[in-house]
Amino acid sequence: MISLRNLIADARGRNVAIGHFNISDLAMLHAIFNAAFEIKVPVIIGVSEGEREFIGVKQAADLVHSFRDEYNYPIFINADHTHSFEKIKEAVDAGFDEVLFDGGQRPIEENIAITKQVVDYVRSHNESYATDIMVEGELGYIGSGSVILDRIPEGVSIKKEDLTKPEDAQKFVKETGVDLLAPAVGNIHGMFADVPDPNLDIQRIVEVYNAANIPLVLHGASGNSDDDIRQAIGAGARIVHVSTELRAAWKRGLDLALLSHPKEIAPYKLFPEVVHEVQKVASEKLKIFNNL
């Protein structure tokens, strides 16, 4: 099986991106796997700290790897938005393929110090156990929840002067040794209900990418226009995160199922509608990310 690292390098060479989708349950995992399998593209499953607490850390890793093993398919799992070294170790020990230490709200020197600690630990683990776990760092604050927004969250870096600066990205990568960088480039977690999210700063993505010289990760892509996402990929984003749109699809599917079958109480008879709605969104996104 080709590694995640090599798939990202391949995406870099073909100027496409790997889709990253967060899950909270098995229905979402089935939907995302079905979408990727149908159009034959790799995919990353993300589980945040809260999602891992609900599913189980080892259980989440084993579920994703069971699809990879049974179908010999490039599906990977990322410990998304992890805020402590201890939680990083927990995910590494559970067999995750990627870990993200999110120090975006911390002062840059503190963020660098902890991220470097994470990188050193993961590299040591890789050498000891012949694994190839990748480390992602976050530089800049883009919010904290996959929710429907009515306003831009306080503290989120939207103004040009608050976005991730190329010189900071270069310093961060050089001093930490991360494999991947998630910058603040006008992106926000969550999405607005009735209007598109603010435009991404494509020029800043280009500048950060050139300064960092490693693959970039675009978080908070729910709500961004297709054109913005395509331009971000062209500028250097090699992984694109979507969560809020999938959560909205999950709820839409469940609402439809409950309306269509008001007397049904068996979850497995209601969840096919959930899988259908989530799969539609994941498939649309994957086609955009892979220029299909």
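The values are calculated or read from the model by the stated rules, or taken from the named source; none is laboratory data. Bear in mind the structure is a predicted one, so any value in this text is a computation, not a measurement. Every residue, glycine as well, gets a Cβ built from its backbone with ideal geometry; the counts of neighbours run over all protein chains shown.
Assorted remarks:
- Candidates 204, 230, filtered to the one that is touching a Gly at 6+ places or on another chain (Cβ under 8 Å), among the basic types (Lys, Arg) and at pLDDT 95 or above: 204
- Residues within region 107-137 that are out of contact with any helix residue (DSSP H, G or I) (no Cβ under 8 Å at 6 or more places or on another chain), more than 16 Å from residue 182 (Cβ to Cβ) and not aromatic (Phe, Trp, Tyr), tallied: 11
- Test for residue 126: is it free of Cβ contacts under 8 Å to residues at least 24 places away in the same chain, surrounded by 15 or more Cβ atoms within 10 Å (Cβ to Cβ) and closer than 20 Å to residue 8 by Cα: yes
- When we screen 208, 274, 240, 278 for residues that are more than 30 Å from residue 183 (Cβ to Cβ), touching a residue at least 12 places away in the same chain (Cβ under 8 Å) and touching a helix residue (DSSP H, G or I) at 6+ places or on another chain (Cβ under 9 Å), the only hit is 274.
- Flag if residue 229 is hydrophobic (A, V, I, L, M, F, W, C) and exposed (fewer than 15 other Cβ atoms within 10 Å of the Cβ): no
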